[in-house]
Amino acid sequence: MASILTVLFNGVAYGFLLFVMSVGLSVTLGMMNFVNLAQASFSMLGGYILVTAMQGYGLPFLLCLPIVFVLVGVVSVVVERLIFRHFYKTDDLTQVLLTIGLVFMSIAMATYVWGGTYQRFDMPSWIIGQKEIFGLTLETYRIFLVGFGAVMAVALIFGLERTQLGAMVRACVDNRRVAGACGLNTELIFAFTFAIGGGLAGLGGALSANLLGLDPNFPLRYLVYILIVVSVGGMGTITGTLIAALALGIADVLGKYYFPQFGSFIIYLLTVAFMLWRPHGLLGRGA
């Protein structure tokens, strides 16, 4: 029984990690109608910034997290201003081809700057090891991930879905011309939304570097997981993304633990079945 609960907890921790990486794409895709597959590249960049800051400059882990959020957010705004904003009115296929091209460019750039091998770095002593909680032996880092992910989920749900900022973003998406006529700075709102989404993706990559490993192929490995979370949860909904990420994390960990030979395929079968049942996702809005 204890082992089952431990595996479930590990799945929840993995789910929160997927949530932080995926929620930015849910925001940009659902609220801004832009297919940004480069979200996985922003996650990779966050991981490399964390490794560089800790190993190269000796900065503490907790200080590196806000640095990652800000730097990746700035990079995402620069990319949005220079490239993405010119493709807002194009079709989905054009946006997919554009952003998947950026993914391959980011892989080449990461290989050139940091090399093609896995990055090794030392986590602080207070976050490694194990702790006994309610008779369960849990990894300290996974406990941290659950706590951090829960705080981020609450902040995002109340910050983007139930505030004036979230209402302004949805207004700009539904009718950009009318929103501008009402005095909203649509360009600034879109740039700010991309900064939030990119910064969160960077945080997800930084938090996953120790658990999932970091190399230039990181975007290709986890882009599919990010897309599954957004599709199952429903585009533009923070709550749906959270539920889908937790479900995917638990299903993936349980499947690989109890059925190691074919456990990786379970989530794909579940995703196909769910999307046939609810094509717009769990809490997504119909087109």
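The values are calculated or read from the model by the stated rules, or taken from the named source; none is laboratory data. Worth saying up front: this structure is predicted, and the values here are computed from it rather than measured. With ideal geometry, Cβ positions are generated from the backbone for all residues, glycine too; neighbour counts draw on all protein chains shown.
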Worksheet item: In segment 116-130, which residues are without any contact (Cβ under 8 Å) to a residue 24 or more places away in the chain and not β-branched (Val, Ile, Thr)?
Response: Arg120, Ser125, Trp126, Gly129, Gln130
Worksheet entry | Every pair of residues 6+ apart whose Cβ atoms lie under 6 Å, when the first sits in segment 13-27 and is in contact (Cβ under 8 Å) with a residue 40 or more places away in the chain and of a type in the set (D, E, K, R) while the second is surrounded by fewer than 24 Cβ atoms within 10 Å (Cβ to Cβ) and part of a helix (DSSP H, G or I) | none
Discussion item. Modelled with pLDDT of 90 or more, in contact with a Phe, Trp or Tyr (Cβ under 8 Å, 6 or more places away or on another chain) and more than 30 Å from Phe190 (Cβ to Cβ): is that true of Val7 in this structure?
Written reply: no
Discussion item. I want to confirm something. Restricting to segment 94-130 and keeping residues that are within 19 Å of Phe148 (Cα to Cα) and of a type outside the set (A, V, I, L, M), which single residue is nearest to the chain's Cα centre (by Cα)?
Written reply: Pro124
Item to complete: Of the numbered conditions (1) small (Gly, Ala, Ser); (2) over 21 Å from Tyr222 (Cα atoms); (3) at pLDDT 85 or above, Gly115 fails exactly one; give the number of that condition.
Response: (2)
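This table checks each residue for (1) within 28 Å of Ile49 (Cα to Cα); (2) in contact (Cβ under 8 Å) with a residue 60 or more places away in the chain; (3) of a type in the set (A, V, I, L, M); (4) touching an Asp or Glu at 6+ places or on another chain (Cβ under 6 Å).
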{"site": "Gly213", "(1), (2), (3), (4)": "yes, yes, no, no"}
{"site": "Ser231", "(1), (2), (3), (4)": "no, no, no, no"}
{"site": "Gly249", "(1), (2), (3), (4)": "yes, yes, no, no"}
{"site": "Tyr257", "(1), (2), (3), (4)": "no, yes, no, no"}
{"site": "Gln261", "(1), (2), (3), (4)": "no, no, no, no"}
Item to complete: Mind listing just one residue for me: the one in segment 236-271 that is within 21 Å of Gly24 (Cβ to Cβ) and assigned to a loop (DSSP other than H, G, I, E, B) and, of those, modelled with the highest pLDDT?
Response: Thr237
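One line per residue, one yes/no per condition, for (1) closer than 20 Å to Tyr48 by Cβ; (2) touching a strand residue (DSSP E or B) at 6+ places or on another chain (Cβ under 8 Å); (3) surrounded by 11 or more Cβ atoms within 10 Å (Cβ to Cβ):
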residue	(1), (2), (3)
Tyr112	yes, no, no
Gln119	yes, no, yes
Met123	yes, no, yes
Gln130	no, yes, yes
Glu139	no, yes, yes
Ile143	no, yes, yes
Val146	no, no, yes
Worksheet, complete the sentence: Within segment 64-97, residues part of a helix (DSSP H, G or I) and loosely packed, with under 12 Cβ neighbours inside 10 Å come out as Pro66, Leu82, His86, Asp92, Leu93
Discussion item. Among the residues in segment 45-61, are any farther than 19 Å from Ala110 by Cβ and touching a residue at least 24 places away in the same chain (Cβ under 8 Å)?
Written reply: yes
Discussion item. Given the criterion under 22 Å from the mean Cα position of the chain (by Cα) and touching a residue at least 12 places away in the same chain (Cβ under 8 Å), identify the matching residue among Phe265, Phe194.
Written reply: Phe194
Fill in: Cβ pairs under 9 Å, 6+ apart, first in segment 81-98 and touching a residue at least 12 places away in the same chain (Cβ under 8 Å), second loosely packed, with under 13 Cβ neighbours inside 10 Å and among the β-branched types (Val, Ile, Thr)
Phe87/Thr94
Practice prompt. Would you point out which residue out of Phe190, Phe218 is at pLDDT 90 or above, within 29 Å of Gly73 (Cα to Cα), surrounded by 15 or more Cβ atoms within 10 Å (Cβ to Cβ) and aromatic (Phe, Trp, Tyr)?
Written response: Phe218
Item to complete: Any chance you could count how many residues in segment 131-151 are without any contact (Cβ under 8 Å) to a residue 24 or more places away in the chain and more than 26 Å from the chain's Cα centre (by Cα)?
Response: 4
